[in-house]
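Student: To start, I am sharing the structure in question, which I have written as structure tokens.
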Amino acid sequence: MNTLLTREDDVDELSLTVRVPRNLPVGIAESLEESLAKAIKILTISNAFQDISKSADDVARIVVTQVRPSGIMLEDRIAQMTTVRTVFKEGDWLTAEDINKLQRKPSSKTSLPASDWKRRGRIFSVSYDGKEYYPRYQFDAMYQPLPIMSDILKAFGEYADAWSLATWFHFPNGWIAKDTGNTALPVAPKDALHRARDVIKAAQNQKGTYVA
């Protein structure tokens, strides 16, 4: 990837070659190339290159602010946000305070017992509009964690974003089928928690999708 630096007087031109990883998506590479060109132009005009130590910080700051997601990246992000809104709207959610009030003997600390159960891998939560929520399907009638949840979470494995896990639970899964006589229909994991073996197998085979 080459970025051309042109001085204001057009007397000299310098070619700057930046090496990027071979597997870097084209959209990101193009966005990075454009942002570097803008950063160099801004720094040249402002004479920031006169102070090398200062210009290093300026380059980093300007490049970050100039980078824009490609069309593909933006579309993917919009799809993810749409999925999150759908899952949240269609779900039944509890806050830590809700769970606290529903206990037989509520703790004086309203974050308990939810935060402790989450720390021990017995349940999970998601963040929505700056607040933490727990899916209702994780709990029994007494608002205690279903024993199967810890096994499912272990089988699912690590995840970068809890919404990928919430999405997996929410939408029909091909690994969990319901026989209707003529055909087998996929069932959402959250609706099949009584079928421990099937749901755990589905969790082990999940692909980490984030978009419905």
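Student: Rank the residues Arg119, Arg195 as a footprinting-exposure proxy: fewest other Cβ atoms within 10 Å of their Cβ go first.
Tutor: Arg119, Arg195
Student: Between Ser127 and His194, what is the label-to-label distance in nm when each label sits 7 Å out along the Cα-to-Cβ direction?
Tutor: The two pseudo-label positions are separated by 3.7 nm.
Student: For the pair Arg85/Glu158, report the inter-label distance in nm, with labels modelled 7 Å from Cα in the Cβ direction.
Tutor: Between Arg85 and Glu158, the label points sit 3.3 nm apart.
Student: Would you work out the relative contact order for the range 88-204, in percent, from Cα pairs under 8 angstrom that are 6 or more residues apart?
Tutor: Relative CO of the range 88-204 lands at 20 percent.
Student: With labels modelled as points extended 7 Å from the Cα through the Cβ direction, what inter-label distance (nm, one decimal) is found for Leu102 paired with Asp140?
Tutor: Computed distance between label sites Leu102 and Asp140 equals 1.4 nm.
Student: Convert 37 °C to kelvin, take the viscosity as 0.692 mPa s, use the Kirkwood radius over C-alpha pairs of the range 88-204 as Rh, and evaluate the Stokes-Einstein diffusion coefficient in µm²/s, rounded to a whole number.
Tutor: In µm²/s, the coefficient rounds to 219.
Student: Then there is this: Would you mind getting me the FRET efficiency between Arg119 and Thr180? Use the beta-carbon distance for r and R0 = 30 Å, nearest 0.05.
Tutor: The pair Arg119/Thr180 has a calculated efficiency of 0.15.
Bear in mind that the values in this text are calculations on the coordinates, not laboratory data. Please read all numbers here as calculations on a predicted model, not as lab measurements. Virtual Cβ from ideal backbone geometry, glycine too; neighbours counted across all protein chains shown.
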